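Contents: one structure, followed by commentary.
The values are calculated or read from the model by the stated rules, or taken from the named source; none is laboratory data. No experiment lies behind these values; they were computed from the predicted model shown. Glycine also receives a Cβ, built like all others from the backbone with ideal geometry; neighbour counts cover every protein chain displayed.
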Amino acid sequence: MTVDESESPVISRTRQLPDAEMDITPMIDCVFLLLIFFVVCSTMEQQSPIELAKARHGKGVSERDSIIISVGAGGVDSAPVYLADDTNGEPVPGDLDQQREAIRTSVEQELREEGKQDVIIKADRNVAHRDVSQVIKAVSQVDGVNIHLAVFESE
């Protein structure tokens, strides 16, 4: 008994379907366009406005009864420091350690001889905080002084 091909079991050949991959390039393009749109259209705010408290309870210090140290603008490595009320004279010479020692010695001498306990540090508005803090560190090495900060604007 021979089997006719028409009666033989049907073996279907499955076709190889190509991998179903989705091209996401247009979607990436849309995402970048949206990103660019929001960056261009958004308003950039640098910093939220902060309203500082007013100094209602501070009291003034008499310049006559105070030691005044001025910190001027300029200088190569650090701002020039003057042991006076103005920046007309010569600044304290030397490197940072020598300046600290000169400031400390001057404050101790004024405290001993004239009894001045208040130290006013006047800094130009363009002086970096690190330069003012170096002067504060030097003055704070002397016991019994009160440190006050002031600023002046050079024109």
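The residues of the stretch 1-44 that are among the acidic types (Asp, Glu) and modelled with pLDDT of 65 or more, listed by number, are 7, 19, 21, 23, 29. In this structure, is residue 109 crowded, with 16+ Cβ neighbours inside 10 Å and either assigned to a helix (DSSP H, G or I) or out of contact with any Leu (no Cβ under 8 Å at 6 or more places or on another chain) (or both)? The answer is no for residue 109.
Suppose the filter is under 20 Å from the mean Cα position of the chain (by Cα), part of a helix (DSSP H, G or I), of a type outside the set (A, V, I, L, M, F, W, C) and surrounded by 17 or more Cβ atoms within 10 Å (Cβ to Cβ); does residue 134 pass it? I'd like the intermediate steps shown before the answer.
Working: under 20 Å from the mean Cα position of the chain (by Cα): yes; part of a helix (DSSP H, G or I): yes; of a type outside the set (A, V, I, L, M, F, W, C): yes; surrounded by 17 or more Cβ atoms within 10 Å (Cβ to Cβ): yes.
Answer is yes for this residue.
All told, residue 117 meets the bar of being at pLDDT 85 or above, in contact with a Leu (Cβ under 7 Å, 6 or more places away or on another chain), under 19 Å from residue 59 (Cβ atoms) and surrounded by 14 or more Cβ atoms within 10 Å (Cβ to Cβ). Being polar (S, T, N, Q), within 28 Å of the chain's Cα centre (by Cα) and closer than 16 Å to residue 150 by Cα is true of residue 70.
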